[in-house]
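Values in this text are rule-based calculations from the coordinates and carry no lab data. Here the structure is a predicted model, which is why all the values come from computation and not from measurement. Neighbour counts run over all protein chains shown; Cβ positions are idealised from the backbone, glycine included.
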Amino acid sequence: MRRVMILAVLAVAGCVSHTYAPPDVYLLAPEIDVSPAQPTNRTLGIRALQAARPYKQAIVFRAPGHILGQYDSVLWAELPSDALTRALADAIRATGRFRDVGNAADMNVPDLILTGELRKLDEVRTTDPWTAECEVRLELREARGPGAVWADTLTAAQPLDKNDLSALAAAMSRAVATVLNQAASRIAEQ
């Protein structure tokens, strides 16, 4: 019994001596800047952007030799696909083109459906200075008819102020803003 007690005390002491270090968390904060468009009576339902497998909450870097890695204990504040979907909806609303813009699942058969995929959200270390690269594929379709009204793959890259992770969030926010502002403007032309 005494041996069990000693082992239990040692186990607890071992657990207590380790300190927890919370992850560093970075925020994507793209600035929306779109021009107003001619209003229509059409409605637009947006489905949440799907993310390619690596682009979850961990921050991804691309290194020489076709290496795609993730930082340990460094995260985006939320899933990038959620942040981009919300900012894209805000950008499209800001154009004033559509009578209603919302989550496609919450709308009663919108006129148009927008779907997309987040394909890249990388800190690219193969350039000097390092760059933040964002790539999104979007497809706008009539809800009641076949075929795409508009589809494109939009990419933007922004240099980091210094070759360090601490400069990534600002550069990535600028790259994301470029992609989303461009997408909203092109969608508003439809």
Filter the trypsin sites (Lys or Arg not before Pro) in the range 69-155 down to the DSSP loop ones having no more than 10 other Cβ atoms within 10 Å, then list what survives. ARG144
Kirkwood Rh in Å, taken over the range 21-188 so that all alpha-carbon pairs contribute: 16.5 Å
Between the helical axis of 80-95 and the dominant principal axis of the chain, each derived from Cα atoms, what acute angle in degrees is found, rounded to the nearest 10? 30 degrees
Modelled label-to-label distance, ASP24 and ASP100, 7 Å Cα→beta-carbon offset: nm? 4.5 nm
Dipole of the range 21-188, positive direction: furthest Cα of ILE187, PRO159, VAL109, with charges on the beta-carbon: VAL109
Computed for the chain: size of charge dipole around the Cα centre, +1 on C-beta of each Lys and Arg, -1 on C-beta of each Asp and Glu, debye to nearest 20, value 560 debye
Return the loop-located GluC sites (Glu not before Pro) in the range 61-162 (DSSP other than H, G, I, E, B) with at most 15 other Cβ atoms within 10 Å of their own Cβ; answer none if there are none. GLU78
Segment ASN108-ARG186, length gained on full extension (0.36 nm per residue, minus Cα span): 25.6 nm
Ranked from fewest to most other Cβ atoms within 10 Å of their own Cβ, THR131, THR43 fall in the order THR43, THR131
Using only Cα atoms and rounding to the nearest 10 degrees, what angle (0 to 90) does helix 168-188 make with the longest principal axis of the chain? 20 degrees
Long-range HN-HN contacts of ASP152 with modeled amide H, under 5 Å: LEU138
How much FRET efficiency would the formula 1/(1 + (r/R0)^6) give for SER73 and ARG42, where r is the Cβ-Cβ distance and R0 is 41 Å, rounded to 0.05? 0.35
Amide H neighbours of ARG97 at under 5 Å, excluding residues fewer than 5 places away on the same chain, with H built from the backbone geometry, are ALA37
Between the Cα axis of helix 2-17 and the main Cα principal axis of the chain, the angle (0 to 90°, nearest 10) is 50 degrees
Neighbour-count ranking for ARG62, ARG47, ARG53 (other C-beta within 10 angstrom, fewest to most) reads ARG53, ARG47, ARG62
